[in-house]
Amino acid sequence: MCGIVGAIAERNITAILLEGLKRLEYRGYDSAGVAVLDEAGRLQRRRRSGKVAELEQALKDEPLAGRLGIAHTRWATHGAPCERNAHPHFSGDGLAVVHNGIIENHEELRTRLKGLGYAFVSDTDTEVIVHLLHHKLKETGDLTTALKAAVPELHGAYGLAVISADQPDRLVATRSGSPLVIGLGIGENFLASDQLALRQVTDRFVYLEEGDIAEIRRDRISLWDNAGQPVQRETVQYHEGAEAADKGEYRHFMLKEIYEQPKVVQRTLEGRIGQEQVLVQAFGPQAADLFAKVKNVQIVACGTSYHAGMVARYWLEALAGIPCQIEVASEFRYRKVVVQPDSLFVTISQSGETADTLAALRNAKARSREEGGYLASLAICNVGTSSLVRESDLCLLTQAGPEIGVASTKAFTTQLVALLLLTLALGKVRGGLEEGVEAELVEELRRLPTRLGEALAMDKTVEKVAELFAEKHHTLFLGRGAQYPVAMEGALKLKEISYIHAEAYPAGELKHGPLALVDADMPVVTVAPNNELVEKLKSNLQEVRARGGELIVFADEEAGIENGEGTHLVNMPHIHDVLAPILYTLPLQLLSYYVAVLKGTDVDQPRNLAKSVTVE
Ligand code: G6P
């Protein structure tokens, strides 16, 4: 989950590296560093603990210039986030490495390299890589050959970029389990963990595949696959503007991304729905045939994406009549799973690079090759070029655009839209939908962007409600039915960015434990669309009020819940019950945003977290 940038050019590349790091800061932000080969042929480095801004200041105080360089923003795994552990790491004064991932056999390598006379100056696993490469370089005399020789000895996950003062004509790189992309310029080339980092300099990209080794020169790139064979990879051209990484008029990326939801939901629907129907072919040319065979759905995801999957389970079973299981990827991947016959394996991921989700997909694919294994895999993902998409049989891309705020917002609501489309597509192909449901929900989906706009118009009301939380340390979120995962997502948002402890419960479970915690210091947040469960929910709210608990209720105008002593009611626009989880997510996102702003936390980059978790 660290971020890597590299560049080789005929111009000074320091500013390009720095801008790339700023755009990658979502991947980790506890330290940052840059190494550049200067005009005198010496490797020079600046590193700072803290955010990229600290490094930027260091570069202002002591500028660096050169035409070849690598840079890194770190999310600490091995070793505290201090300057000594910040990347790039050096071996001697002529070889530098940046690394994203974890080297699992670092202790064994460390012992071996110490035996060869290498002195270690950091606590990182990465330092073994640079010394190992140094050793291989001494043996082979060629940086690319040295990297090829070192790779089989590295166990774990890595994206690596390496430069050497002795070979200033190249930057070498490899990936296994961590993403890397080459940006193609004219007479200059670049490397990064995410194309977003390079959109300022190019719109043409080559994605490295698992095990690829790359030699990047100013005027050409050479690639070898994991079997050591020379290989060509497709060049992908992007047309969308590079401005997505800009906050625009908003104070934070998170707020900007919350406000983008009507637009990106609209985009996610485009080309996927017809007059009164869902277009099944949007899932790929084989989708109709495959979907007809599906008798069961297994969903696997992490974090916010997991919550989207939980909502989908309600939809798949209630609307399409398909049994559905869902599990967090970190558990699923290590569990001996009994595969239900004719199961579709669905992963949900914003980034498409989450290590646990990818590992779960790989396990499932291995099972598909067995008798009675999964029928096929489908990825619901926001990044078309990601590993998850490339390795799945089918995909449906959410069109959320780059999401920079670490707390996921627009990715979640577009995932929900994609999952509702999946529900309708599966239900239709298998004949499980009730008469008229498809046309009705397609019409409701068409109106959804307008409804989301109406929900956002309540921004100021929610901001006022947020004041109730400024001094609180614990919060409870309640929901029933498909609103339970919405409550879970609301609680996750609040704890991620405001550091207030928040837990979500299905409202019916309140009396089985959490009610013991309720008092005037513990606000209880709940979402109450006007559905068949609202009367039961009202009873649960009474249970809270009877214990002196303060209620914050986001409710349908017609739900019959009233403002009053200890009850803060926010009226929501009326919405079809099936789509309510999407709409009711928005005020909860705004609530956590405004609480975090009031508390003065770092909204877009909350402490200890990272956006893309490419390590276990
Ligand atoms: C991290 C992010 C979350 C995200 C989760 C899964 O924890 O901070 O916002 O929901 O990873 O990421 P994915 O990219 O797979 O959706």
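Bear in mind that the values in this text are calculations on the coordinates, not laboratory data. These numbers were taken from a predicted model, which means no experiment stands behind them. Note that each Cβ is placed from the backbone with ideal geometry, even for glycine, and that neighbours are counted across all protein chains shown.
Observations, loosely collected:
- Computed log₁₀ I(q)/I(0) - Debye formula, equal Cα scatterers, no solvent, segment 248-372, q 0.13, 0.15, 0.17 Å⁻¹: -0.66, -0.86, -1.06
- Within segment 426-446: backbone nitrogen closer than 19 Å to the Ala318 label point (7 Å, Cα to C-beta): 426-428, 432-446
- With a Förster radius of 35 Å applied to the C-beta separation of Asp219 and Asp93, the computed FRET efficiency comes to 0.80.
- Given charges at beta-carbon only (K, R positive; D, E negative), |dipole| of the chain in Debye: 1060 debye
- Share antiparallel - DSSP beta bridges, segment 116-264, percent rounded to 5: 95 percent
- Global geometry of the chain, whether rounded, prolate or oblate, following the gyration tensor of its Cα atoms and the 1.5 cut on a/c: prolate
- Full extension of the segment from Arg607 to Ala65, taken as 0.36 nm per residue of separation minus the current Cα-Cα distance, would add 191.9 nm.
- Taking a ≥ b ≥ c as the square roots of the eigenvalues of the Cα gyration tensor, an a/c ratio of 1.5 or more together with a/b no larger than b/c marks segment 384-475 as oblate.
- Charge tally for Leu541 (other residues, Cβ to Cβ under 15 Å; Lys, Arg +1; Asp, Glu -1): -1.
- For segment 341-431: rounded, prolate or oblate by the Cα gyration tensor [a/c cutoff 1.5]: oblate
- Here each label is just a point 7 Å from Cα along the line to Cβ, and for Glu10 and Asp246 those points are 2.9 nm apart.
- Spin-label pair Gln542/Ala366, simplified geometry with 7 Å Cα→Cβ offset, distance in nm: 5.4 nm
- Selection from Gly69, Leu132, Thr144, by position along the positive dipole direction of segment 55-158 (Cβ): Thr144
- Compared with the dominant Cα axis of the chain, that is its longest principal axis, helix 534-546 is turned about 80°.
- For the listed peptides 324-335, 411-422, a ranking on the average number of other beta carbons within 10 Å per residue, highest first, reads 411-422, 324-335.
- A Förster distance of 22 Å, applied to the separation of the beta-carbon atoms of Asn563 and Leu598, puts the FRET efficiency at 0.50.
- Using a Förster distance of 41 Å, the FRET efficiency for Ala520-Glu270 (Cβ separation, nearest 0.05): 0.30
- Structure-based [θ]222 nm, the chain - -39500 (n - 2.57) summed over DSSP H runs of at least 4, per residue, nearest 500: -11000 deg cm²/dmol
- Across segment 45-56, coupling constants 3J(HN,Hα) worked out from phi with the 6.51/-1.76/1.60 Karplus curve, θ = phi - 60°, read 9, 10, 9, 9, 7, x, 7, 4, 4, 5, 5, 4 Hz, and Gly and Pro carry x.
- In the chain, a dipole from Cβ-located charges (positive for Lys and Arg, negative for Asp and Glu) runs towards its positive end, and of Gly479, Val383, Pro285 it is Val383 whose Cα lies farthest in that direction.
- Remark: the Arg447-Glu139 segment gains 104.3 nm on full extension, using 0.36 nm per residue and subtracting the alpha carbon distance.
- 16 Å cut-off, amide nitrogen to a point 7 angstrom out along Glu532 Cα→Cβ, residues in segment 416-459: 434-435
- Three principal axis extents describe the C-alpha atoms of segment 566-616; from largest down they are 40, 28, 17 Å.
- Length gained on full extension, Glu234 to Gln281, computed as 0.36 nm times the residue gap minus the Cα-Cα distance: 14.5 nm.
- Dipole in debye (nearest 20) - segment 119-198, about Cα centre, beta carbon charges: Lys, Arg +1; Asp, Glu -1: 180 debye
- Restricting the trypsin sites (Lys or Arg not before Pro) of segment 356-450 to loop positions (DSSP other than H, G, I, E, B) with no more than 16 neighbouring Cβ atoms within 10 Å leaves Arg369.
- Highest average first, the peptides 597-605, 486-494 ordered by how many other beta carbon atoms sit within 10 Å of their residues are 486-494, 597-605.
- Size descriptors for segment 1-130: radius of gyration and Dmax over Cα atoms are 14.1, 41 Å.
- Among the listed pairs Lys136/Lys336; Lys256/Lys536; Lys247/Lys511; Lys60/Lys136; Lys247/Lys599, those whose Cα-Cα separation exceeds 32 Å are Lys136/Lys336; Lys256/Lys536; Lys247/Lys511; Lys60/Lys136.
- For Lys295, the aspartates and glutamates whose Cα falls under 14 Å of its own Cα, not counting residues fewer than eight places away in the same chain, are Glu317, Asp342.
- Annotation: aspartates and glutamates with alpha-carbon distance below 13 angstrom to Lys148 (same-chain offsets under eight excluded): Glu139, Asp212, Glu215, Asp225.
- From the largest down, segment 128-185 spans 31, 28, 14 angstrom on the principal axes of its Cα atoms.
- For segment 15-32, Karplus couplings with θ = phi - 60° (6.51, -1.76, 1.60), whole Hz, Gly/Pro x: 5, 5, 5, 5, 4, x, 4, 4, 6, 9, 4, 4, 7, x, 8, 9, 6, 8
- Overall size of segment 186-289 from C-alpha positions, given as principal axis extents largest first: 50, 47, 22 Å.
- Set of aspartates and glutamates near Lys263 by C-alpha distance (under 20 Å), chain-local residues within fewer than 8 positions excluded: Glu240, Glu243, Asp246, Glu249, Glu403, Glu443, Glu444, Glu454, Asp459
- Of all DSSP beta bridges confined to the chain, the antiparallel ones make up roughly 60%.
- Remark: segment 247-397 carries a charge dipole of roughly 240 debye about the Cα centre, counting +1 on each Lys and Arg Cβ and -1 on each Asp and Glu Cβ.
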